[in-house]
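Written below as structure tokens is the structure these notes are about.
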Amino acid sequence: MPTTDPGDILRLFRLPDFWHLLLTRGGATLASRALVVVVGYQVYELTKSPLALGLLGLVEAIPALSLALYGGHVADRYERRSILTISLPTLAACAGLLGIVTAVSQHGLTLVSLYGVIFVVGIARGLAEPASSALEAQVVPIDLIVRSAPWFTSSWLICAITGPVMGGAVYAAGGPSPTYFLFAALYVAAWLAASRLSRYPVPPAPEGESIWQSIAQGVRHVVGDQVLLGSMALDLFAVLFGGVIAILPIFAKDILHVGPIGLGFLNAAPHVGALMTMLIATVYPPVRHAGRSLLIAVAGFGVTMIVFALSTNFYLSWLILFLSGVCDGVSVVVRRSIVRLFSPDHLRGRIAAVSMIFIGSSNELGALESGLAASWLGVIPSVVAGGSVTLLVVAVTALLAPRLRRLHLEKPPERIC
């Protein structure tokens, strides 16, 4: 029988800010996911270097991760909608700048200019993402958190699927300048949706608490909670070593020979798989045996990476990436619900920031690791090794985090919190 009460879905859909936040994230995700694909393809066209692709991830990660904890403090001390309405126009300006430089320069974009703009994008992310995550818990009542997770993630995935395909197609048809202007327009649309969000109260700050004390409180809460720390660490090390997205341009260009359009489809494949999982999770959310499901899903992700590395057929490679997304979809629903449910109201921004550091480390620093490993070991051996390390990480986490392994999310949220 379905585990979702239809009345819960109706209550969720009647919340105006639920839709405003969905639209905000939708426009930003369309732009950001497509931007990553196009910039990555241009970097590889300029350099033919896997290390340059890895450095691209590092350039974005340095400001995003450096500012994340401060961004979490800001999200718990200032009005969160305002943070978004400042960050999103900054992202629009970055995309617009790339479009202008590409249009007026006879020599096109340089590697330094691409890295420079992506660095500023990382700064905006470091402030926007903790605020957006914390705002979600204010928009959605606590008893609807688990039910809302698949809907938020599904909308993100639809845009993440569409974004790379759209970016690759527009780039192939019209070149880089119109593509970057399109991204700027999408960021502006996200800003307009964010401006419609209600203003929510700012949690009161303890008297005399410094910024560092505020940040440390959020970190201590995560470190002291085995479920929070275990779920975040699992994602960090699994994707850090097992991820392949950063070096997909190499597979698209040199191994599968499918060009920028094929790269767009390869980037979209994991998100298609995750979307299928999310659609099922809207009716059957993985609340029972949630911890065990998380561990199995991450192990499955490691296996798919090993198989992907050995494939030389585009359609098989796409299918394997699709299956990796199915595994990741289960992981995302469980981890997202854990962060929302195990975060006290006054610490939501800071805990979201810690989560962002783990996720950002796995994605951006994972991109650096992928580039370095591909340079040292070769592209295919590096991906096989990464998938194998992911399986080892799952085994160690299951052993060291028994509370996470036995976790169920069927208790009333009030009791969990």
Could you tell me whether region 103-112 includes any residue that is surrounded by 21 or more Cβ atoms within 10 Å (Cβ to Cβ) and either aromatic (Phe, Trp, Tyr) or closer than 27 Å to LEU192 by Cα (or both)? no
What pairs come out if I take residues in region 316-340 that are in contact (Cβ under 8 Å) with a residue 12 or more places away in the chain and more than 15 Å from THR277 (Cβ to Cβ) and pair them with residues that are among the charged types (D, E, K, R) and assigned to a helix (DSSP H, G or I) whose C-beta lies under 9 Å away, six or more apart or interchain? VAL339/ARG348; ARG340/GLU136; ARG340/ARG348
Return the pair list, or none, for Cβ contacts closer than 9 Å from residues in region 75-86 that are closer than 18 Å to GLY27 by Cβ and among the hydroxyl-bearing types (Ser, Thr, Tyr) to residues that are modelled with pLDDT of 90 or more and in a helix (DSSP H, G or I), at least 6 apart or on different chains. THR85/TRP191; THR85/ALA194
Which one is modelled with the lowest pLDDT among residues in region 113-134 that are surrounded by fewer than 20 Cβ atoms within 10 Å (Cβ to Cβ) and small (Gly, Ala, Ser)? SER113
Report, ordered by the first and then the second residue, all pairs with beta carbons closer than 6 Å, sequence separation of six or more or different chains, a first member in region 126-145 that is under 26 Å from VAL283 (Cβ atoms), and a second member that is of a type in the set (Gly, Ala, Ser) and crowded, with 22+ Cβ neighbours inside 10 Å. SER133/ALA352; VAL140/SER148
Looking at region 173-191, is at least one residue closer than 30 Å to GLY262 by Cα, surrounded by fewer than 20 Cβ atoms within 10 Å (Cβ to Cβ) and polar (S, T, N, Q)? yes
Among the residues of region 282-289, are any part of a helix (DSSP H, G or I) and either surrounded by 24 or more Cβ atoms within 10 Å (Cβ to Cβ) or polar (S, T, N, Q) (or both)? no
If PRO201 passes every condition in (1) touching a Leu at 6+ places or on another chain (Cβ under 9 Å); (2) loosely packed, with under 15 Cβ neighbours inside 10 Å but one, which one does it miss? (1)
Mind checking which residues of region 301-315 are surrounded by fewer than 18 Cβ atoms within 10 Å (Cβ to Cβ) and within 18 Å of GLY259 (Cβ to Cβ)? THR312, ASN313, PHE314, TYR315
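Determine which member of the set ALA216, ALA172, ALA128 is within 21 Å of the chain's Cα centre (by Cα) and on the phi < 0 side of the Ramachandran plot. Quick ask: steps written out before the conclusion?
Working: ALA216 fails: within 21 Å of the chain's Cα centre (by Cα); ALA172 fails: within 21 Å of the chain's Cα centre (by Cα).
Result: ALA128 is the single residue among ALA216, ALA172, ALA128 that is within 21 Å of the chain's Cα centre (by Cα) and on the phi < 0 side of the Ramachandran plot.
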Do we find that LEU69 is surrounded by 16 or more Cβ atoms within 10 Å (Cβ to Cβ), within 16 Å of ALA185 (Cα to Cα) and not polar (S, T, N, Q) in this structure? no
When CYS417 is evaluated against the numbered criteria (1) farther than 19 Å from ILE255 by Cβ; (2) surrounded by 15 or more Cβ atoms within 10 Å (Cβ to Cβ); (3) modelled with pLDDT under 80, which criterion, by number, is the only one it fails? (2)
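For every residue, the table says whether it meets (1) part of a helix (DSSP H, G or I); (2) closer than 21 Å to SER370 by Cβ; (3) of a type in the set (Ser, Thr, Tyr).
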| site | (1), (2), (3) |
| --- | --- |
| LEU236 | yes, yes, no |
| PHE241 | yes, yes, no |
| ALA246 | yes, yes, no |
| GLY264 | yes, yes, no |
| ALA268 | yes, yes, no |
| HIS271 | yes, yes, no |
| SER293 | yes, no, yes |
| PHE322 | yes, yes, no |
| VAL330 | yes, no, no |
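Go over the candidates GLY242, GLY262, GLY291, GLY300 one by one and state the one that is in contact with a Phe, Trp or Tyr (Cβ under 7 Å, 6 or more places away or on another chain) and at pLDDT 75 or above. Lay out the reasoning, then the answer.
Values: GLY242 fails: at pLDDT 75 or above; GLY291 fails: in contact with a Phe, Trp or Tyr (Cβ under 7 Å, 6 or more places away or on another chain); GLY300 fails: in contact with a Phe, Trp or Tyr (Cβ under 7 Å, 6 or more places away or on another chain).
Going through GLY242, GLY262, GLY291, GLY300 in turn, the sole match is GLY262.
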Residues being surrounded by fewer than 24 Cβ atoms within 10 Å (Cβ to Cβ) and β-branched (Val, Ile, Thr): count how many of those fall in region 290-300. 1
Would you be able to say whether some residue in region 136-144 is surrounded by fewer than 21 Cβ atoms within 10 Å (Cβ to Cβ), modelled with pLDDT under 80, over 22 Å from LYS48 (Cα atoms) and of a type in the set (Val, Ile, Thr)? yes
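Could you identify the single residue in ILE261, ILE245 that is more than 24 Å from ARG336 (Cβ to Cβ) and not hydroxyl-bearing (Ser, Thr, Tyr)?
On the way: ILE245 fails: more than 24 Å from ARG336 (Cβ to Cβ).
Among ILE261, ILE245, only ILE261 is more than 24 Å from ARG336 (Cβ to Cβ) and not hydroxyl-bearing (Ser, Thr, Tyr).
The values are calculated or read from the model by the stated rules, or taken from the named source; none is laboratory data. Quantities reported herein were computed from a predicted structural model and do not represent experimental measurements. FYI the Cβ positions are ideal-geometry reconstructions off the backbone, even for glycines, and counts take in every protein chain you see.
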